Amino acid sequence: KNQVEQSPQSLIILERKNCTLQCNYTVSPFSNLRWYKQDTGRGPVSLTIMTFSENTKSNGRYTATLDADTKQSSLHITASQLSDSASYICVVITGGSYIPTFGRGTSLIVHP
Amino acid sequence: DAGVTQSPTHLIKTRGQQVTLRCSPKSGHDTVSWYQQALGQGPQFIFQYYEEEERQRGNFPDRFSGHQFPNYSSELNVNALLLGDSALYLCASSDAGLGNTIYFGEGSWLTVV
C-alpha cells in the first residue's frame, strides 16, 4: 500500500530559528514529490516539486531534499517567521497513474 | 488571474441529502482533481478529470461522482450524505503536464448533521 509518513506530527519553535521536517514514503513507482504549505482553513500552496533525479530544491527560505534510494525527503526552513506557522504536507505522485498520496502533515507553530 | 475558485465556501446538509460542489480551474488549466480533507488529516484523492472524462479515481464509494464541463470547470456530487462526509473539499487544477504545479482552491467546508 502506498503511504507517506511525516514527522514530527507537530513542532513548536522560536522565531528566527531553523527547523527540519521529515517525510518517508513507500509509494511505488515514483514520479515526483511535492511539499505544500497549508494555512488553517485554507487550500494548500505549493512550495517545491522534486523529480527522481533532483536531490535539492530551494524556494526562498525553504529547502527540500530528496533521497530516492531511502525514499526520504526533508523540508528545511531557515530563519523562521511567525507567518511560517502552518501545516506542511508532503505529497508523493505515483508514476504511471499519477495519483497523489498525501501525508498527514506536520503542524508548525512559530512563537515570537 | 483568479486562480482556482470554489463554491460554496461553507454549507450544512442533513444526513441522506445530496450536495453539489463547484470548481473553476485556474486559467489555462485543463485538469481538475478533487480531494477530501477531514479535520487534522491530509487530503485524500477522490478523482481527477481531464477532457471531460474521469481519468483516475481514489478509494471513494460511488456516492461520490463528478463532472467536467467543456470550459474545464467541474462539479463534485455526493449522494446519501453521511456524518463522516463532513470535511473540507478541495479542488485543484493543473495543465496536462504531469510535472507541473498543482494549484488548490480555498475549499468548500461541508458539515453533515
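The values are calculated or read from the model by the stated rules, or taken from the named source; none is laboratory data. In this text the structure is predicted, and so the values were computed from the model without any measurement. Cβ sites come from the backbone with ideal geometry, for glycine too, and all protein chains shown count toward neighbours.
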Q: Report, by residue number, each residue of region B:72-94 that is farther than 11 Å from B:Val32 by Cβ, under 16 Å from the mean Cα position of the chain (by Cα) and either among the β-branched types (Val, Ile, Thr) or assigned to a loop (DSSP other than H, G, I, E, B) (or both).
A: B:Val78, B:Asn79, B:Leu81, B:Ser86
Q: Scan (1) modelled with pLDDT under 95; (2) away from every other protein chain (no Cβ under 11 Å) for the single condition A:Lys17 breaks and write down its number.
A: (1)
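Yes/no matrix, rows are residues, columns are (1) out of contact with any strand residue (DSSP E or B) (no Cβ under 6 Å at 6 or more places or on another chain); (2) under 19 Å from B:Ser33 (Cα atoms):
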site: A:Glu5; (1), (2): no, no
site: A:Val45; (1), (2): no, yes
site: A:Ile49; (1), (2): no, yes
site: A:Ser53; (1), (2): yes, no
site: A:Gly60; (1), (2): yes, no
Q.
Take the residues in region B:73-109 that are at pLDDT 95 or above and touching a His at 6+ places or on another chain (Cβ under 8 Å); name whichever of them is nearest to B:Gln17 (Cα to Cα).
A. B:Asn77
Q. If we only count strands (runs of 3 or more DSSP E) wholly inside region A:38-110, which ones have 1 or more residues that are under 11 Å from the mean Cα position of the chain (by Cα) and charged (D, E, K, R)?
A. none
Q.
Can you tell me which residue is surrounded by the fewest Cβ atoms within 10 Å (Cβ to Cβ) among those in region A:20-40 that are within 11 Å of chain B (Cβ to nearest Cβ) and out of contact with any Phe, Trp or Tyr (no Cβ under 9 Å at 6 or more places or on another chain)?
A. A:Thr40
Q. How many of the residues making up region A:23-72 are of a type in the set (Gly, Ala, Ser), under 24 Å from A:Gly95 (Cβ atoms) and at pLDDT 95 or above?
A. 1
Q) Within region B:96-113, how many residues turn out to be surrounded by fewer than 17 Cβ atoms within 10 Å (Cβ to Cβ), within 15 Å of B:Gly28 (Cβ to Cβ) and touching a residue at least 24 places away in the same chain (Cβ under 8 Å)? A) 1
Q: Report yes if some residue within region A:39-51 is out of contact with any Lys or Arg (no Cβ under 6 Å at 6 or more places or on another chain), farther than 25 Å from B:Glu106 by Cα and not β-branched (Val, Ile, Thr); otherwise report no.
A: no
